[in-house]
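Report on the following structure.
The values are calculated or read from the model by the stated rules, or taken from the named source; none is laboratory data. The structure displayed is predicted, hence computed values, not measured ones. Note that each Cβ is placed from the backbone with ideal geometry, even for glycine, and that neighbours are counted across all protein chains shown.
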Amino acid sequence: MASERAVLCGYYGMGNMGDEALLAALLEMLPTSVTPVVLSGNPQFTRDRYGVEAIPRKATFEILTALRSAQSFIWGGGSLMQDSSSALNPFYYGGLMGLAQQLGRRTIALAQGIGPLSRPWTQSLTRRCLAGCDVVTVRDRNSAACLNDWGIPFTLAPDPVWALESRSPQGLWDLPAPRVAVIVRPHPQFTPARLERLITAIAAFQTATQASIFLVPFQPSQDLDLARTIYARLPENRYLWQSDDPRALKGLFRGVEMAISMRLHGLIAAAAEGCRCWGLSYDPKVTQFLREFDLPGWELEDLPEESTEISQAWIEYYANGEPLSKTRIQATIDRANLHRELLCQGLG
């Protein structure tokens, strides 16, 4: 029987499957004695998908009521405290953390990716919030270096999505193999010219490998138009693959030979399921991931000028590259479960 309540805060219910995977992983890690209350952009979806209590993420009165009835408040993973996409992000997440701390709740910052923080006030707010937490864990070395400079105790462990239980998606095995997943998202550096080069390279790669191309929009509201554009330019054996179940989306990569991904959690899910990975980096977090696991890729701004150079690199890697070893995958999963241990200790 549940003995306490915890408010879970992240970019949940917003249609981004990377953040949904973080929520699913957090819910797996919570002790059974804790009842979660999730702040969500789509509470009905969150209730239906995960079977948990959910309230609107910007409903001030309901959030205050939830915090007053809870014993703990948890930032549940991801790059919440960053001001590159919006200066309002630190204000929102930091404001909730500060309120929880003022109310005397146990506060936990789990699997955080700190930054980028380009403004002095967002740096100060982030430092103050994290200094007041009972437990802090981070998912990358840059965040660890930041907290070390600030003198804030922390634990470094891989992203919790490594440890998320996956499930085989329905219908995948009925579709032609071999399969290659492509995960792209809009970004100012992903210019029309670079998109054109990428489409031409994907088509040439497909011709050479005879692979089915799976276009996977991780956040359909942003990614679907791009996926449709690429889909329309490939002649056959191409599929738009969508799922609102993060475990099934991770399980997709069990049946995929190679993943070409801009999105961090596309790379994590693919690597964790033993799939070859090629990164297209638009953000330091993607670059860090590629370096840590010695995976190939390009910065978007350094994408080769010739589509043939892109396709040939992919063909070579498809033919001769290796996924992460089972030993390394398991070791990474084991280390990702440090978040679970620290979470349970923090919740008492």
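In the condition set (1) touching a residue at least 24 places away in the same chain (Cβ under 8 Å); (2) farther than 23 Å from ALA271 by Cβ; (3) hydrophobic (A, V, I, L, M, F, W, C), PHE253 is compliant with all but (2).
Taking the listed residues ALA157, ALA203, ALA211, the one that is modelled with pLDDT of 95 or more, in contact with a helix residue (DSSP H, G or I) (Cβ under 9 Å, 6 or more places away or on another chain), under 30 Å from GLU28 (Cα atoms) and surrounded by 17 or more Cβ atoms within 10 Å (Cβ to Cβ) is ALA157, with no other qualifying.
Examine the range 209-220 for a residue that is in contact (Cβ under 8 Å) with a residue 60 or more places away in the chain, part of a helix (DSSP H, G or I) and under 22 Å from THR308 (Cβ atoms), and state whether such a residue exists. Yes, that holds for at least one residue. Evaluation of MET81 against the conditions (1) out of contact with any Asp or Glu (no Cβ under 7 Å at 6 or more places or on another chain); (2) surrounded by fewer than 22 Cβ atoms within 10 Å (Cβ to Cβ); (3) of a type outside the set (Ser, Thr, Tyr); (4) in contact (Cβ under 8 Å) with a residue 12 or more places away in the chain shows that the sole unmet condition is (2). Restricting LEU23, LEU39 to residues that are hydrophobic (A, V, I, L, M, F, W, C) and either touching a residue at least 60 places away in the same chain (Cβ under 8 Å) or closer than 23 Å to PRO217 by Cα (or both) narrows the list to LEU23. Would you check if ALA66 is surrounded by 16 or more Cβ atoms within 10 Å (Cβ to Cβ), touching a residue at least 12 places away in the same chain (Cβ under 8 Å) and either within 27 Å of GLN222 (Cβ to Cβ) or in contact with a Cys (Cβ under 9 Å, 6 or more places away or on another chain) (or both)? Taking the combined requirement at face value, the residue does not satisfy it.
If you take just the strands (runs of 3 or more DSSP E) that sit entirely in the range 233-315, which of them hold at least 2 residues that are surrounded by 24 or more Cβ atoms within 10 Å (Cβ to Cβ) and outside the structural domain of LEU22 (by TED's automatic domain parsing)? Once the strands (runs of 3 or more DSSP E) in the range 233-315 are filtered for at least 2 residues that are surrounded by 24 or more Cβ atoms within 10 Å (Cβ to Cβ) and outside the structural domain of LEU22 (by TED's automatic domain parsing), what remains is 258-261, 276-281. Applying the condition of being of a type in the set (A, V, I, L, M, F, W, C) and under 15 Å from ASP283 (Cα atoms) to the range 111-131 and asking which residue is surrounded by the most Cβ atoms within 10 Å (Cβ to Cβ) yields ILE114.
Among the residues of the range 2-24, some residue qualifies, meaning at least one is modelled with pLDDT under 95 and hydroxyl-bearing (Ser, Thr, Tyr).
Does any residue of the range 46-56 turn out to be crowded, with 23+ Cβ neighbours inside 10 Å and more than 20 Å from ASP134 (Cβ to Cβ)? Yes, some residue in the range 46-56 is crowded, with 23+ Cβ neighbours inside 10 Å and more than 20 Å from ASP134 (Cβ to Cβ).
Of the candidates ASP174, ASP149, ASP140, ASP134, the single residue that is among the acidic types (Asp, Glu), surrounded by 20 or more Cβ atoms within 10 Å (Cβ to Cβ) and either over 18 Å from ARG340 (Cβ atoms) or not assigned by TED's automatic domain parsing to the domain that holds TYR317 (or both) is ASP140.
VAL182 meets each of the listed conditions (1) closer than 29 Å to SER85 by Cβ; (2) assigned to a helix (DSSP H, G or I) apart from (2).
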